[in-house]
1. Within the stretch 20-30, count every residue that is surrounded by fewer than 16 Cβ atoms within 10 Å (Cβ to Cβ) and either in contact with a strand residue (DSSP E or B) (Cβ under 8 Å, 6 or more places away or on another chain) or at pLDDT 90 or above (or both).
2. If you take the residues of the stretch 81-116 that are without any contact (Cβ under 8 Å) to a residue 40 or more places away in the chain and small (Gly, Ala, Ser), which of them is nearest to residue 10 (Cα to Cα)?
3. Which one is farthest from the chain's Cα centre (by Cα), of the residues in the stretch 73-105 that are within 19 Å of residue 62 (Cα to Cα) and of a type in the set (Ser, Thr, Tyr)?
4. Could you run through the stretch 74-118 and say how many residues are touching a His at 6+ places or on another chain (Cβ under 8 Å) and among the polar types (S, T, N, Q)?
Amino acid sequence: MNLSEDTKCFVMDLVDKYAKINPLDGFYAIYNYEDVIPEEDIDKLISLICLDEPELLVEATGPDNDSYKSLLESSLLKYLSDSIGKEQEIDFARVYKKGVSKYFSKIISELLEEYTALYNNDKGIFTDELHFRKTFTPSRSEQWRHYG
């Protein structure tokens, strides 16, 4: 994924703010990010990712999304059948956002895992040497140091 500097810095900020040290293994981690990171921060991250990778937004709002049939399509049809009702409009927005957020959950988890590994490495805690070798680039390390 080709992320902008703004998106990278935002992910780094989330990791810095919400990663907690696990006393069992001594590594910083974010478990169940949906329970830890506020919804507005998750929404902002999704919007930043979509600005960087617009095709993901197309996938998230269409049939490529597993939630399309179960959530998005039915919500849209319900709203279109009564588009005057304010309650329908609010429900449509809520359900649609939920469906789009579900689509991005794996992407967000992977980003947080990658940047948490960098965060650990920056603190001298090496979580997985093989993972570190695969994802580490000097520019990311320099970004982290520059950001912090």
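1. 3
2. 99
3. Among residues in the stretch 73-105 that are within 19 Å of residue 62 (Cα to Cα) and of a type in the set (Ser, Thr, Tyr), the one farthest from the chain's Cα centre (by Cα) is 79.
4. 0
The values are calculated or read from the model by the stated rules, or taken from the named source; none is laboratory data. It should be emphasised that the depicted structure is a prediction, and the values quoted were computed from it without experimental measurement. When we count neighbours, we look across all protein chains shown, and the Cβ atoms used for this are built from the backbone with ideal geometry, even at glycine.
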